[in-house]
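Below you'll find the structure, written out as structure tokens, and then a few comments.
The values are calculated or read from the model by the stated rules, or taken from the named source; none is laboratory data. Please read all numbers here as calculations on a predicted model, not as lab measurements. Note that each Cβ is placed from the backbone with ideal geometry, even for glycine, and that neighbours are counted across all protein chains shown.
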Amino acid sequence: MLREISLLITKLIEDEPLLVTISATRVELSKGTGMCNVYFSCTEGNEGFLKALEVLKLYRKSLRAALSKARQSRHTPELMFLFDEQLEREMRMHRLLDTVKEEGDGDE
């Protein structure tokens with residue numbers, strides 16, 4: 001499902017250049033509730049994602065319909081768009097580790 005959503009977002013970028021700053025990173029399907037959480041990273045951080053989110057909300061129904069057609073499924077879950085804080089935390093941790101490593105290399 002992540003691949004299909006990513007392809008649909010790529011097609012939207014032609015009409016909505018603001019979406020060029022985001023990319024879908026993961027998808028979580030909830031059991032039994034018919035919800036699909038789609039997580040995005042953004043080159044401009046959370047603030048940039050909030051701007052892109054307004055555009056995504058406008059296309060939510062058409063994205064869901066296109067996803068249903070692509071998956072050839074009668075039932076397609078509702079889409080929720082979320083900022084991927086997990087990815088941001090991982091990137092921050094890598095930067096901290098790089099800083100510690102650089103400081104350690106300087107002590108020799």
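What to note about this one:
- Residue count for region 73-94, restricted to those that are touching a residue at least 12 places away in the same chain (Cβ under 8 Å) and of a type in the set (S, T, N, Q): 2
- Lys11 being at pLDDT below 90 and farther than 18 Å from Glu88 by Cα: no
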